[in-house]
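Engineer: Quick one: the structure is below, questions incoming.
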Amino acid sequence: MLRECQPCTACCDGWVQIKVKGCEAYPGHPCPHSTGSGCDDYDNRPVDPCRKFECAWVKSGSFLPDSFKPSECGALVIDSILTWQGLKVDLAVPVGREIPEETLAWLMQFAEREMRPLIYQQQDPSSPALEKNPLTLAYGPPAFQEWVLEQQANNISLW
Ligand code: SF4
Ligand code: SF4
């Protein structure tokens, strides 16, 4: 059965960084067309990113359980955001300040079982404001974690 986005609007609400018609959306700064329950210019939404974007939950054949709709589980997953040493790497961003513990535990178990290293984000606990660029953390083999740290230290964008 096809999964329906409604009532989720997580990707319009800035939890994943996007640029729509020249406007940036990021945590705390939704797309200006998001009403919080939909899009006020749906018929004119651009192909990129709006029509093209599919989170890992809504994709047909998704590996995520039914209960992982981003608005319900608190994480928006983008599958295969990059590859590392031939392994697919998934990204999970929080819908809110951080990914709920139970959701993150499931994602980490999945990462181990399927050999798919995980990159996940959370807002800095020491800062009450929502940061545009949340903290980026890695879960996977030590060499993967070191590689992610190295990219960050050298200001190399991971995706
Ligand atoms: S985050 Fe996923 S389920 Fe939610 S609106 Fe976007 S594509 Fe649909
Ligand atoms: S234009 Fe509409 S569909 Fe596209 S991100 Fe904004 S609210 Fe979402």
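Engineer: Check LEU135, LEU87 and return the single one that is modelled with pLDDT of 95 or more and closer than 23 Å to GLN17 by Cα.
Structural biologist: None of the others qualify; the one that does is LEU135.
Engineer: Follow-up question, since we're still on this one. Within segment 2-17, track down each residue that is near ligand 1 (Cβ under 10 Å from one of its atoms) and either outside any loop (DSSP other than H, G, I, E, B) or under 14 Å from ASN133 (Cβ atoms) (or both).
Structural biologist: TRP15, VAL16
Engineer: Here is a follow-up. Looking only at segment 1-23, which residues are at pLDDT 95 or above and of a type in the set (Gly, Ala, Ser)?
Structural biologist: Matches in segment 1-23: ALA10, GLY14.
Engineer: Going through GLY61, GLY36 one at a time, which residue ends up being on the phi > 0 side of the Ramachandran plot, more than 15 Å from ligand 2 (Cβ to nearest atom) and either part of a helix (DSSP H, G or I) or out of contact with any strand residue (DSSP E or B) (no Cβ under 7 Å at 6 or more places or on another chain) (or both)?
Structural biologist: Details: GLY36 fails: more than 15 Å from ligand 2 (Cβ to nearest atom).
Matching residue, one of GLY61, GLY36: GLY61.
Engineer: Within segment 27-71, track down each residue that is among the charged types (D, E, K, R), surrounded by 15 or more Cβ atoms within 10 Å (Cβ to Cβ) and within 15 Å of the chain's Cα centre (by Cα).
Structural biologist: Correct list: GLU54, LYS69.
Engineer: Keeping to segment 27-58, report how many residues are within 11 Å of ligand 1 (Cβ to nearest atom), touching a helix residue (DSSP H, G or I) at 6+ places or on another chain (Cβ under 7 Å) and over 23 Å from GLU131 (Cα atoms).
Structural biologist: Residues in segment 27-58 being within 11 Å of ligand 1 (Cβ to nearest atom), touching a helix residue (DSSP H, G or I) at 6+ places or on another chain (Cβ under 7 Å) and over 23 Å from GLU131 (Cα atoms): 1 in total.
Engineer: Could you list, in sequence order, all residues of segment 1-26 that are surrounded by fewer than 11 Cβ atoms within 10 Å (Cβ to Cβ) and either farther than 15 Å from GLU72 by Cα or touching a helix residue (DSSP H, G or I) at 6+ places or on another chain (Cβ under 9 Å) (or both)?
Structural biologist: Those that are surrounded by fewer than 11 Cβ atoms within 10 Å (Cβ to Cβ) and either farther than 15 Å from GLU72 by Cα or touching a helix residue (DSSP H, G or I) at 6+ places or on another chain (Cβ under 9 Å) (or both): MET1, LEU2, GLY22.
The values are calculated or read from the model by the stated rules, or taken from the named source; none is laboratory data. Keep in mind that what you see is a predicted model, and the values were worked out from it rather than measured. Using ideal geometry, Cβ is built from the backbone for each residue, glycine included, and neighbour counts are taken over all protein chains shown.
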